[in-house]
Amino acid sequence: MLDAVELAIVDDNPGDVLFCQEFFKQYKFSNNVSYLDSHEQLLDYLEHPATIPDVVMLSIRPFLLNGCQSLKSLKHNPIFENTLLVGLTATDGEEEVLRDEMSLFAGYLTKPLEFDKLRAMLVRISSLGMVIIKQEMAAV
């Protein structure tokens, strides 16, 4: 049996977190999802080797405000070299601010998040070698 993908979602907006929770519930994804509300929590979370996520979806704005050094150190740490980063942006142009950091991210999603766009990103991640496992419906 395949292991579920380890996801970490980092967003300080409760509405975005609720959206992601509803998305995974509706599409019955059996991934292990951790929800964190700050980049400090993400860095603390990543200090424990048992919790290495396959994918980190994170709101970019807190990293813009505090610089991208923590993201660079994350991506240059051999333990996390296979972790994919997906940036959650507030505006279409926000990722332009990170032009020098573009190589850090596997992709971007613009807020407000939409089910179709999030699903498309997960499909894209699957095509990069991640396996997104969907639970089978329980027999009635």
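Beta carbons closer than 6 Å, at least 6 apart along the sequence or on distinct chains, pair a first residue in the range 41-54 that is under 13 Å from Val5 (Cβ atoms) with a second that is among the acidic types (Asp, Glu) for Pro53/Glu6; Asp54/Glu6. Regarding the range 72-90, can at least one residue be identified that is modelled with pLDDT of 75 or more, closer than 17 Å to Leu46 by Cα, touching a helix residue (DSSP H, G or I) at 6+ places or on another chain (Cβ under 8 Å) and hydroxyl-bearing (Ser, Thr, Tyr)? Yes, the range 72-90 contains a residue that is modelled with pLDDT of 75 or more, closer than 17 Å to Leu46 by Cα, touching a helix residue (DSSP H, G or I) at 6+ places or on another chain (Cβ under 8 Å) and hydroxyl-bearing (Ser, Thr, Tyr). If the condition is being over 13 Å from Leu71 (Cα atoms) and either touching a Lys or Arg at 6+ places or on another chain (Cβ under 6 Å) or not hydroxyl-bearing (Ser, Thr, Tyr) (or both), then the range 25-40 contributes Lys25, Gln26, Lys28, Phe29, Asn31, Asn32, Val33, Leu36, Asp37.
For the range 46-63, the criterion of being in contact with a helix residue (DSSP H, G or I) (Cβ under 9 Å, 6 or more places away or on another chain), of a type in the set (Gly, Ala, Ser) and either modelled with pLDDT under 80 or within 15 Å of Ile125 (Cβ to Cβ) (or both) is met by none of the residues.
If I filter the range 99-132 down to residues being among the β-branched types (Val, Ile, Thr) and in a helix (DSSP H, G or I), which single residue comes out as modelled with the highest pLDDT? That would be Val123. Of all residues in the range 18-39, those that are closer than 17 Å to Ile60 by Cα have Cβ atoms under 9 Å from Cβ atoms of residues that are of a type in the set (S, T, N, Q) and buried (at least 19 other Cβ atoms within 10 Å of the Cβ), 6 or more apart or on another chain, in His39/Ser59. Checking each residue in the range 40-63 for being touching a strand residue (DSSP E or B) at 6+ places or on another chain (Cβ under 7 Å) and surrounded by 20 or more Cβ atoms within 10 Å (Cβ to Cβ) picks out Leu42, Pro53, Asp54, Val55, Val56, Met57, Leu58, Ser59, Ile60.
Just give me the residues in the range 25-37 being surrounded by fewer than 17 Cβ atoms within 10 Å (Cβ to Cβ) and over 13 Å from the mean Cα position of the chain (by Cα), in sequence order. Show your work before the answer.
Quick first cut of the range 25-37, residues surrounded by fewer than 17 Cβ atoms within 10 Å (Cβ to Cβ) only: 25-28, 30, 32, 34-35, 37.
Once the filter is applied, which keeps residues that are surrounded by fewer than 17 Cβ atoms within 10 Å (Cβ to Cβ) and over 13 Å from the mean Cα position of the chain (by Cα), the range 25-37 yields Lys25, Gln26, Tyr27, Lys28, Ser30.
The values are calculated or read from the model by the stated rules, or taken from the named source; none is laboratory data. Just so you know, these numbers come straight off a predicted model, no measurement behind them. Here Cβ is always computed from backbone atoms with ideal geometry, including for glycine, and neighbour counts include all displayed protein chains.
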